[in-house]
Amino acid sequence: MTALIAGLLLFLGPHATRIFAEGFRQRQIAAHGLRRWKGLYSLVSLAGLVLIVWGYGQARLDPVLLWQPPRGMRHAALLLTLIAFVLLAASDSPRNHIKAALHHPMVLGVKVWAFAHLLANGMLADVVLFGSFLVWAIVLYAVSRRRDRREGTVYPPGTLRGTVITLVAGVGVWLLFVFWLHSWLIGVSPLG
């Protein structure tokens, strides 16, 4: 569990600078340049991700059951992860109605993804992993929306084409994960 927690700190720490240390972030970018900041940010985040994956795998070898989720929660998680994948696709698809309306669909996608996994899993490692991401995403979304209002950020309006591309991409990647990638990468089939 120690490696999982260390990984979460390394990964979510840099991702929380916009929440807790915007001034520090801006000073580092001004002093060292955006490219160097992004490089260091990426290296620390990658180290954290590696530790998360390894630590979560280790924690699953000695599981601590907190509760047994009802079987129906797997179905709810499948539906929620579909929504999460569409939200993730909306963050990178240009001019879609989802991003125009929600402004930060990637953060919302992480929120929905984490919540879905909390519903379907009752092990301590799951609560630590997905609970951490859920709390981070809730706080980041609130801070990001507040910053948008303060700075008068305007998001471009969506188009039908952009929205259709977003939906097709999100559903397509979700299908790949459900039927193949989740089992291959995580070792567990979301279908049961």
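Every number in this text was worked out from the coordinates using simple rules, so none of it is lab data. Please read these numbers as outputs of a predicted model, since none were measured by experiment. Using ideal geometry, Cβ is built from the backbone for each residue, glycine included, and neighbour counts are taken over all protein chains shown.
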Scoring the chain by relative contact order with C-alpha pairs under 8 Å, at least six apart, yields a percentage of 25
Applying the span-like rule to the chain (DSSP H, Cα extent along axis at least 18 Å, Kyte-Doolittle mean at least 1.6) gives 2-15, 160-176
P(r) over all Cα-Cα pairs of region 1-156, 10 Å bins from 0 to the longest distance, whole percent per bin, short to long, reads 11, 31, 37, 17, 4, 0
Which of L167, L175, L88 fluctuates most in a GNM of the chain (C-alpha springs under 10 Å)? That residue is L175
One finds, for V154 and H32 with R0 = 30 angstrom and r their Cβ-Cβ distance, a FRET efficiency to the nearest 0.05 of 0.50
If each part is reduced to its alpha-carbon centroid, region 121-192 and region 90-114 end up apart, in Å, by 8
With no solvent term and unit scatterers on the alpha-carbon positions of region 64-192, Debye gives log₁₀ I(q)/I(0) at q = 0.11, 0.19 Å⁻¹ of -0.43, -1.08
